[in-house]
Amino acid sequence: MKIELSNTRTITEAAKAGVSRLVADARDSNEPIVLMSNSRAVAGVVNLRRLERLQHLEEAESDLRLLALAFSRMFTDTGERITLDSMLAKAGIDRADLDDIECEDEAEV
């Protein structure tokens, strides 16, 4: 997605105007204020309504990804289940060997 650059400020302009002005402009606008550095967009300032909407959309995106995963599993599930022991046997690993493997988390303790 392309960033809308209709409401831009350089970092220098934003600093000169001050944080209070930047916050007030963002609060009163429905459009994000895009901060530029060396002619590149580097940050955005948005009002709280837009931030809440963005967070809601991110949650919805995550939910849709999980739903898509659930549907794909549901439609491709053959009903066959494989036990850990059978997978270990296929890999040529004995269950007792698992006790000898040190996890990174355990090594730090």
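Residue 62 meets the conditions (1) among the polar types (S, T, N, Q); (2) farther than 30 Å from residue 9 by Cβ; (3) in the same structural domain as residue 16 (by TED's automatic domain parsing) in every case but one. The failed one is (3). Residues that are at pLDDT below 70 and surrounded by 10 or more Cβ atoms within 10 Å (Cβ to Cβ) within region 94-107 are absent altogether.
The values are calculated or read from the model by the stated rules, or taken from the named source; none is laboratory data. Model, not experiment: these values are computed from the prediction. Cβ coordinates were reconstructed from backbone atoms using ideal geometry, including for glycine residues, and neighbour counts include every protein chain displayed.
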